[in-house]
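Enquirer: Take this structure first; my questions come after.
The values are calculated or read from the model by the stated rules, or taken from the named source; none is laboratory data. Keep in mind that this is a model prediction, so the values were computed, not measured. Counting neighbours? That spans all protein chains shown, and the Cβs are built from the backbone with ideal geometry, glycine included. Protein only, heavy atoms only, side chains kept; ligands, DNA and RNA dropped before computing areas. Shrake-Rupley method; radii C 1.70, N 1.55, O 1.52, S 1.80 Å.
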Amino acid sequence: MDGNDDEVARNSTGIFNEVPEGTYVIQFENVVDPGACPIADRGGIVIENNGSFTAVASDVEDIVCHGDSDGSAVITLEGISTGFYSVDNGVIWNEFTSGNRITGLPEVNNILVSDQPGTSDCELSVAVGIEYLSDPIELDGSSPIIISEASCDESETDGVIEIPTISGGVEPYRFEIDGNSVELDENRQISGLNKLTQTFTILDDSGCSVDFEINTMLAPNQISANVTEINEEENRCIEQPEGIKITLSSFTINNIFGPFTLILNRSNDEDVVELPLNLDNNNGDPEFFIGPDYDLNFTFERGQQYNWTIRTNNSEQSCSTDGIIRINDGAIIPTFELEGIDAACNDGSGALRLFNIVGDPEIEVRYQIFEGNASTPTVEITENSVPVTGEYFIDPNNYGRAMGFVSGGYNVRVVQRPDGCENDIVSEIKNAQIEQPSGNLVVELVPEPNLPPGIEREVGDMNPKPASRRDKSDGSISVRISNESGADAYYALLSLADGGRVSGAAPYIFDTDTVELIPNQSYTFENLSAGTYIIEYFDSFGRCTQQLRIVQDKDGATDGIYVGFDERPFIPNVFTPNNDGKNDEFKILNLPDNGAELIVTNRNGTVVYRDSNYRESNLWDGGDNPDGIYFYQLTVNGTTQSGWVEILRGRR
């Protein structure tokens, strides 16, 4: 009886098997003499799990193609949740989870299952019975029959094979030559094969296949060899890799009569060399080392490709073989282009620009600079790697010399040393010239005429020349070179200063292109509106910050060059008060805000208009006076101007 007083088992032997874990009571019943004295119950009997388990296989999947190992089965465990299985009698164990499918099983009747990998007290042999669903695909006689050998010329497709009777697999069959579908003719033959043909394949209706190598049968006298680099690991420490190794195959040595000849050339070079590969002279050794000991018309270089052909001295005896080998090891020899950047100032420094830099990207790089004719580096700069941009600048920031790059010649070399190598890999030395100004470039305003006392300047004598009116763009600035720097060319650039606009000025439309300044000649920037301008100047050496601008405004400050306008009153000689909104009033430009007196008379001297504070907000429109000529007198700040003005309304 179990703990719930339910009967679990009953027998007359007193032996109970396959009892689950739990606590039990054994009761005794006298079936011979029920009236006899009863035997007391035996309780508190505990059944525990001592680590035992069971394993059962189910849902077995057999192998479709003979020779494959893609069978599978589900192993269900009782007593443990994960276990280990082996298909080779305990040599290799693989872990699995109970109830999960185990795949990749070979043809096998039983597999071992254990609670731990290796030797175990609990190790079960579980029947799975995985079988092949078909017999192996085979040819009668084990291989295709060669009817006609292929010729040595790979362009000739004269090879023919015959396919014997096929057994095994699942019909119908399909056929391929080197992955391309083919058909058997009425004689079970396949034609149109050349010496490069490698493999004949049979595929059955279940997708199973078997390959037959036919190359050595189609081309029985085909020379074969392995071509590799010599000392590939050591090559990375030398600029010129040592060479290549030719290893003739055992088939070639045993079946093709020598001696042999190697034909070799660089892929982009038409010139070839022919070298003997004589086994007798090589003590029968099939390995030949082609390198510096041979008389070659080239050297082996990393990244280069080389064409090779091996043939016998009698071409009719066998087919030659050829190929291409690329030298992948050996040191990368650094290369680069060099440009000298001139100093912009006579007391400044130039720079060197390296570009199109090629080197080993995995190791540090050193830039060596030789000043003048120095035989040892004047300065050496080390960086972690070649820049990914392929460009590197050397200037006073990294050059480390107080004077930087002054006028003169500089030689530059790029150096790298692969890890574990004793010697440097160096580039060719490149040269660059750096020029420096002979003096500071100075550009100034063209001086105004030195007039005698009491002689006022005319507008044409002024520099800057003001615009004739606030709304006109006819001002100008004239400049000249007062001190040259020894450059090949000099330039200037005009721009409007920040905050340099004048209210009411004409639109700022002027030439903003860089202009060339000619020594001993002046240059005039024309068509300027009233405002403050900046003139930047520089030479063919570059822009030197110490000599950048001409700056002098109307008050002598250093924030620009001020172009003003003629602020004297400008009085027209006609206005047309016809109410068309155009020139309807006697508008005098440049009037002060207060204090201008205007008196207008007719031909008879009669005053027709007077205003002691004539201003733009209160202009004369001619009143009721008829068309005609009138005379004015304008007094501003004690200065009087007089003249005539015409009223011209036109027809009423």
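Enquirer: Picking from G643, P592, C345, whose Cα lies most toward the positive end of the charge dipole for the chain (charges on Cβ: Lys, Arg +1; Asp, Glu -1)?
Expert: Working it through, the farthest residue towards the positive pole turns out to be G643.
Enquirer: Given the Cα-Cα distance of D6 and K587 and 0.36 nm per residue of separation, how much length would full extension add, in nm?
Expert: Going from the current span to full extension adds 196.5 nm.
Enquirer: Moving on. If you take every DSSP beta bridge whose two residues both sit in the chain, what share of them, in percent to the nearest 5, is antiparallel? Could you put the intermediate results ahead of the total?
Expert: Numbers: 148 of 154 bridges.
Bridges in the chain that DSSP calls antiparallel: roughly 95 percent.
Enquirer: Looking only at region 267-286, which residues have a backbone nitrogen under 16 Å from a spot 7 Å from the Cα of N297 in the C-beta direction?
Expert: 267-276
Enquirer: Between D68 and V273, 0.36 nm times their residue separation minus their Cα-Cα distance comes to what?
Expert: The D68-V273 span can extend by a further 68.8 nm.
Enquirer: In debye, nearest 20: dipole of region 163-216 around its Cα centre with unit charges on the Cβ of K, R (+) and D, E (-)?
Expert: In debye, rounded to 20, region 163-216 gives about 180.
Enquirer: So who's got an amide H within less than 5 Å of the one on A225, skipping anything under 5 residues away but keeping other chains? H placed 1.01 Å off N, in plane.
Expert: Close amide H contacts, sequence-distant or interchain: S249.
Enquirer: Here's another thing I want to ask about it. Picking from V442, G560, N613, whose Cα lies most toward the positive end of the charge dipole for the chain (charges on Cβ: Lys, Arg +1; Asp, Glu -1)?
Expert: N613
Enquirer: Roughly how much of V443 is accessible, in Å² to the nearest 10, using a 1.4 Å probe?
Expert: Using a 1.4 Å probe on the heavy atoms, I get roughly 10 Å².
Enquirer: In the chain, how many lysine pairs have Cα atoms under 20 Å apart, counting only pairs 8 or more places apart or on different chains?
Expert: So the count of such lysine pairs works out to 4.
Enquirer: Which whole-number percent gives the relative contact order of region 58-192, counting Cα pairs below 8 Å spaced six or more residues apart?
Expert: Relative contact order for region 58-192 comes out at 20 percent.
Enquirer: If you don't mind, there's one more thing I want to ask. Is there a quick way to get the dipole size of the chain? I mean about its Cα centre, with the Cβ of Lys and Arg at +1 and of Asp and Glu at -1; what is the value in debye to the nearest 20?
Expert: Here the size comes out at about 5960 debye.
Enquirer: Where the centre of each part is set by its Cα atoms, how far does region 633-650 sit from region 479-513, in angstrom?
Expert: Rounded to whole Å, the Cα centres lie 38 Å apart.
Enquirer: Now, a different point. Of (1) 40.4; (2) 33.0; (3) 79.1, which one was derived for mean projected area of the Cα convex hull in nm² from the structure shown?
Expert: Correct label, based on the coordinates given: (3).
Enquirer: Compute the distribution of all C-alpha to C-alpha distances in region 409-538, in bins of 5 Å from 0, and list the percent of pairs in each, rounded to whole numbers.
Expert: 2, 8, 14, 14, 12, 10, 8, 6, 4, 4, 4, 4, 3, 2, 2, 1, 0, 0
Enquirer: Based on the Kirkwood radius over alpha-carbon pairs, what is the Stokes-Einstein translational diffusion coefficient of region 523-650 at 20 °C with 1.002 mPa s viscosity, in µm²/s?
Expert: 119 µm²/s
Enquirer: Compare the Cα positions of G141, G99, I357 along the charge dipole of the chain (+1 at Cβ of Lys, Arg; -1 at Cβ of Asp, Glu; about the Cα centre) and return the one farthest towards the positive end.
Expert: Of the candidates, I357 comes out farthest on the positive side.
Enquirer: Rg and Dmax of region 299-411, using alpha carbons, in Å: what are they?
Expert: 22.6, 80
Enquirer: So, R0 is 35 Å and r is the distance between the beta-carbons of T382 and Q240; what FRET efficiency does that work out to, to 0.05? Display every interim value, and only then the final one.
Expert: Numbers: r = 25 Å, r/R0 = 0.72.
Working from the Cβ atoms, E equals 0.85.
Enquirer: So, one more: Report in % the part of the accessible area of region 98-215 that belongs to carbon and sulfur, leaving out ligands and nucleic acids; probe 1.4 Å. Numbers along the way, then the final one.
Expert: Details: 2570 of 6390 Å².
In region 98-215, the share of accessible area belonging to carbon and sulfur is 40 percent.
Enquirer: What are the ³J(HN,Hα) couplings of region 30-47, residue after residue, when phi is run through the Karplus curve with 6.51, -1.76, 1.60 and θ = phi - 60°? Round to Hz, x for glycine and proline.
Expert: So the J values, rounded to whole Hz, are 8, 7, 7, 10, x, x, 5, 4, x, 9, 5, 5, 10, x, x, 7, 9, 9.
Enquirer: Could you work out the relative contact order of the chain? I mean the mean sequence separation of Cα pairs under 8 Å and 6+ apart, divided by the number of residues, in percent.
Expert: Across the chain, relative contact order equals 6 percent.
Enquirer: Which three semi-axes in whole Å describe the equivalent ellipsoid of region 204-248, each the square root of 5 times a Cα gyration tensor eigenvalue, listed largest first?
Expert: 40, 18, 5
Enquirer: Let me ask something else. Every cysteine in the chain with no other Cys Cβ under 4.7 Å from its Cβ, please list them in numeric order.
Expert: If one checks each Cβ against the other cysteines of the chain, C37, C122 turn up with nothing under 4.7 Å.
Enquirer: With n ≥ 4 as the cut-off for DSSP H runs, can you work out [θ] at 222 nm for the chain, using -39500 (n - 2.57) per run divided by the number of residues, rounded to the nearest 500?
Expert: Value at 222 nm, helices only: -500 deg cm²/dmol.
Enquirer: Now for a separate question. Measuring from centroid to centroid over Cα atoms, what is the spacing of region 594-621 and region 352-398 in Å?
Expert: Centre-to-centre (Cα) distance: 81 Å.
Enquirer: Please give the Cα centre distance for region 257-298 versus region 207-225, rounded to the nearest Å.
Expert: Result: 27 Å between the Cα centres.
Enquirer: I want to verify the translational diffusion coefficient of region 39-144 in µm²/s; compute it with Stokes-Einstein, Rh as the Kirkwood radius over Cα pairs, at 10 °C and 1.306 mPa s.
Expert: On the way: Rh = 15.9 Å.
In µm²/s, the coefficient rounds to 100.
Enquirer: Further, regarding this structure: Report Rg/Rh for region 235-296, rounded to two decimals, where Rg is the Cα radius of gyration and Rh the Kirkwood radius.
Expert: Ratio of gyration radius to Kirkwood radius: 1.01.
Enquirer: Please go through region 1-67 and write out the GluC sites (Glu not before Pro) that DSSP classes as loop and that have at most 15 other C-beta atoms within 10 Å.
Expert: E7, E18, E21, E29, E48
Enquirer: Please give the length that would be gained between Q433 and N573 if that part of the chain were fully extended, namely 0.36 nm times their separation in residues minus their C-alpha to C-alpha distance (nm, one decimal). Provide the component values of the computation, followed by the final result.
Expert: Values: separation 140, 0.36 × 140 = 50.40 nm, distance 6.75 nm.
The Q433-N573 span can extend by a further 43.7 nm.
Enquirer: Name the residues whose placed amide hydrogens come within less than 5 Å of the amide hydrogen of N613, ignoring near sequence neighbours (fewer than 5 apart) on the same chain.
Expert: Long-range HN contacts for N613: L598.
Enquirer: Something else now. So what is the accessible area of region 128-257 per residue, in Å², with the probe set to 1.4 Å?
Expert: 52 Å²
Enquirer: What are the ³J(HN,Hα) couplings of region 363-370, residue after residue, when phi is run through the Karplus curve with 6.51, -1.76, 1.60 and θ = phi - 60°? Round to Hz, x for glycine and proline.
Expert: In residue order, the calculated couplings are 10, 5, 10, 10, 9, 9, 10, 10 Hz.
Enquirer: To the nearest 10 square angstrom, what accessible area does F570 show with a 1.4 Å probe?
Expert: Taking all protein chains as shown, F570 has close to 90 Å².
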